[in-house]
Amino acid sequence: MMFHQLPFYLYLFLQLQVFIFLTNRLAFHPRFRILETAWTFTWMSFTLTVQTAITAGLAHYWNFSADDWTGIPFFWKCFTAALALSVIGYWAEFFFWLLFIKKPVESRLLSRKLMKIPPRFKPPLEFLKYLGFENQIYQPEVVEYEVRLPHWPKAFSGLSIVQISDIHYGKYINLDYLGILIQTAQKLKPDLFALTGDFISFQKHIPAMEGLFKKLKAPLGVYALLGNHDYWSDGEGMRKALEEDHIRVLRNEAAYIKRKGKTLALMGVDDLWEGTKNEAPLLGVKADAKILLAHHPDHFYLAKKTKAHLQISGHCHGGQICFPLWGPLIIPSTKGRKYVEGFVREGDTTLFAHRGIGGYPPIRTYCRPEIVKLILLSSD
């Protein structure tokens, strides 16, 4: 019986790796104006069907014992070898990046506080706690970091930014709840706010966004980007709602801030998946300090190309559904788990990827929502 053979479970593990890889790269990126839910479940169902059919075909020739493998047809030998090598290659590339390309970030955690949310907010899917998983959707953290950036001008040393990302307004992330989060964010008193996209998932939610962010005030302003979900809903309508709250929405452009004779360019690139593809204005930006706001962390190539000191992103939700030892499950990025959350540095450019506030489905395990304050310091 193949269920008694260790190679069978190794084979299932390899197929699971392939399923996760394809799901993160295809299933979470709808095309042709197909609804996200329909696209996602269609791709996942198709992938599982194909994998099941292949497994049934392989099982016809192989009982999954190590001794029997040499006797199976050449085609199936090539398939199993290719499957194993593809998974090994994926992880080999990741560990090469981890050991030789990723650089240490000079960051210091100043504080991490769990917000006190009123008991009227009850997380959905509470039955998960009986399976050993707690839905942390209503357990937001307020996190403050100091981060030292290579070649960051001393004129801007101490600049503080509060980032809010991936709200995904809806039934559970409602106005009552968001009001508490925004009030908490304002108490952090940053120099500027960065709202890095995915405010809504449906066009009907735009009216709820009108006036929501008016309470956010900062000396250097409030800046925002649109994310892929905003564009799938109504990008233009979401932009207007933000601008009516006096929030500047950056779309392939830069805002300039002067201090002590130096200039900071706060650059904003349009969404990687759905925005206007026009990087030329950002490539021509000249400033003493550069920060790139990008909804998708995969825009990190552009941050390095423009020689930005820092990129601030969201999108991946920190994986959203994570497991002990394994880590994140949902990573809608072509870079895998490289840029899923937190700090990353390649060369002299640093990336910070925010975990976000909401998510779909409305569940977070081992991945709390967060409001983040970054204090930028010079490492020179």
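Derivation of every value follows stated rules applied to the coordinates shown; laboratory data play no part. None of the values given here were measured: they were computed from a predicted structure. As a convention, Cβ positions derive from the backbone with ideal geometry for all residues, glycine included, and neighbour counts pool all protein chains shown.
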Report task. Could you state the angle between the C-alpha long axis of helix 74-96 and the longest principal axis of the C-alpha atoms of the chain, as a value from 0 to 90 degrees rounded to the nearest 10? Result -> 30
Query raised in the report: Between F41 and D380, what length in nm is gained on full extension when 0.36 nm per residue of separation is reduced by their alpha carbon distance?
Result: 117.1 nm
Query raised in the report: When the label point is put 7 Å from the Cα of L188 along its Cα-to-beta-carbon vector, which residues of segment 354-380 have a backbone N closer than 18 Å?
Result: 354-359, 367-377
Query raised in the report: Beyond 19 Å, what percent of the Cα pairs of segment 146-238 remain?
Result: 45
Report task. Find the all-direction average of the projected area of the Cα convex hull for the chain, expressing the result in square nanometres with one decimal place. Result -> 21.0
Report summary line: With Cα coordinates, the longest principal axis of the chain makes an angle with the long axis of helix 36-61, in degrees rounded to 10, of 20
Report task. Enter the Cα centre distance for the pair segment 227-274 and segment 1-24, rounded to the nearest angstrom. Result -> 43
Report summary line: If I180, I200 are placed from fewest to most neighbouring beta carbons inside 10 Å, the sequence is I180, I200
**Report entry** segment 60-152: Rg to Rh, with Rh as the Kirkwood radius over Cα pairs
**Finding:** 1.25
Report task. Just grab the label-to-label distance for S86 and N63, each label 7 Å out from Cα along the Cβ direction, in nm (one decimal). Result -> 2.8
Query raised in the report: Which of P118, G275, F100 sits closest to the plus end of the dipole of the chain, meaning its Cα is farthest towards the positive end, when Lys and Arg get +1 and Asp and Glu get -1 on the C-beta?
Result: P118
Report summary line: Taking R0 as 25 Å and r as the Cβ-Cβ distance between A56 and L6, the FRET efficiency 1/(1 + (r/R0)^6), rounded to the nearest 0.05, comes to 0.80
Query raised in the report: Normalised by the number of residues in the chain, what is the relative contact order in percent for Cα pairs under 8 Å and 6+ residues apart?
Result: 20
Report task. Please order T70, T306 by the number of other Cβ within 10 Å, starting at the fewest. Result -> T70, T306
Report task. Could you tell me how many degrees, from 0 to 90 and to the nearest 10, lie between the Cα long axis of helix 228-244 and the main elongation axis, the longest principal axis, of the Cα atoms of the chain? Result -> 10
Query raised in the report: Put +1 on the Cβ of each Lys and Arg and -1 on the Cβ of each Asp and Glu in segment 106-378; which of P328, G158, G314 then has its Cα farthest toward the positive end of the dipole?
Result: G158
